[in-house]
Structures are given as structure tokens and as C-alpha cells.
Amino acid sequence: MNTRPPLPSQLSVIGHPLVQHKLTLMRQKQTSTGEFRRLAREISLLMAYELTRDLPLEYAAIETPLEPMQAPILAGKKLCIVTILRAGDGIAEGMLDLVPSARVGHIGLYRDPDTLKPVEYYLKLPEDIGERLVIVVDPMLATGHSAAAAIARLKQAGAQQLRFACLLAAPEGVKVLTEAHPDVPVFTCSVDRELDSHAYIRPGLGDAGDRLFGTK
Ligand code: URA
């Protein structure tokens, strides 16, 4: 019997077969750094497709080789991807393949060893972030504390329309993030079983940053 609590309605799990297949390849421990990075990039592009499904359109007068027409184009300012350093960079790359003119912000947080709370060490954002759709990316939603803190900081900086995207989520992280920010839709490719005592997602895929950058 499935004893898991129901997932919050603000959470979308991207079940597309290509995404699920690529995620399985990423999880496998024998997958090389180069392959892992390539898969992360491909999945992120597909995630960006899902995340941007409802972007508003407007109509512009254009001319085809045969006649003038009113044709749909994206309305409003370019979206902004904010990567949570460092592993978020591996997701941003793939999203930029699909939306190359997106703006990119960075936020760096570390966990204070005494208070265990996230502390900001880096922040660089577009000045007009309040006028853009902001997609916050981090491959692993583990405890949810960094994601919740990053989003709180972006709201403080003026962001009004936010979405969060990760490859994998733990139920614990989903709870923390969605309770802290019920207005922020969350997209993931899988909600795994649990967090372990070292805050790793199980079964998971290991340390996403180390696997993306080959640092271990
Ligand atoms: N960060 C990771 O890279 N992996 C986990 O499993 C949890 C957090």
C-alpha cells in the first residue's frame, strides 16, 4: 500500500518518457562525468519546455515571403533563470539552449555550521527582476532550506513571478519549500523516497555538483 501523503497541487512531476529515461541514466553510478553533464543539459531543456508552456503571447505584424500576417510572439520581458550555485549552473545551461536570450542571475548560499541556517555569500541579479518570470534552478531539492531561502531573497529583491525547477526532490524538501512559498510552482522529474541522515536524497543520484563538475 502507498502510504505517501498526497503531493501538493503546486508541484508538477514531469513524467515525459524521454525525461524519465534520461534521469535513469543519470542516476546510474557508472555514468561518466561527461555523460552526466550532457544528460543534465538535455533534461533541463525539456524541463524548460514544460515550465514555459503558459508564457503569454502577443501578436505582431510580420511578412512571410507570400503575404503579411499577424503572428504570435512572446509578450513581455525575457525570462530570468536564477541558478543556486554551484550545481544549478548545470541546469541553467540546458534551459539556455531553449531560451538563449534569457537573463541569468546567481545566488550562492552556504549552511552556517552553528545555526544550520543558509547564509548568502553571492548575489547577482538583473535589476528589473520584478518585471520578469524568474525560474530558480537547483538539481536537488533535498532539505528545501536553500531553495526556500533563495526564493525568499529573490522576493526581497523584487521578484514577483517565480517558479522552481529541480531534477529530483525529497518529500521533506517539497514540504519545506511549498509551505514556505505556496505561491511558487515547483517542477521536478521525480519525488524520491526520502532524505538520509546526511541530507542525501535516496535513491537519488548522489552529489549532483560533484557529478556535474567531476570534483570527486
Ligand atoms: N545535494 C545533492 O547533490 N545530492 C543529494 O542527494 C542531496 C543534495
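Nothing in this text is a laboratory measurement; each read-out follows from the coordinates by a stated rule. Bear in mind that the values here come from a model prediction, so they are computed numbers and not experimental data. We place every Cβ from the backbone using ideal geometry, glycine too, and count neighbours over all the protein chains shown.
Being touching a residue at least 12 places away in the same chain (Cβ under 8 Å), surrounded by 14 or more Cβ atoms within 10 Å (Cβ to Cβ) and away from the ligand (no atom under 16 Å from the Cβ) is a description that applies to residue 93.
Only one of the numbered conditions (1) over 23 Å from residue 16 (Cα atoms); (2) surrounded by fewer than 21 Cβ atoms within 10 Å (Cβ to Cβ); (3) free of Cβ contacts under 8 Å to residues at least 40 places away in the same chain is violated by residue 35, and that is (1). The requirement of being part of a helix (DSSP H, G or I), among the polar types (S, T, N, Q) and within 16 Å of the ligand (Cβ to nearest atom) is satisfied by residue 146. Reported count of residues in the range 123-153, each being surrounded by 24 or more Cβ atoms within 10 Å (Cβ to Cβ), in contact with a helix residue (DSSP H, G or I) (Cβ under 7 Å, 6 or more places away or on another chain) and among the aliphatic types (A, V, I, L, M), is 8.
Only residues that are touching a residue at least 40 places away in the same chain (Cβ under 8 Å) and farther than 17 Å from residue 164 by Cα were counted in the range 38-68, giving 1. Within the range 177-196, if we keep just the residues that are within 12 Å of the ligand (Cβ to nearest atom) and assigned to a loop (DSSP other than H, G, I, E, B), the residue that is farthest from residue 8 (Cα to Cα) turns out to be 196. Quick check on my filter: what residues within the range 162-177 are more than 14 Å from the chain's Cα centre (by Cα) and not hydrophobic (A, V, I, L, M, F, W, C)? Listed by number, the residues that qualify are 171, 172, 175.
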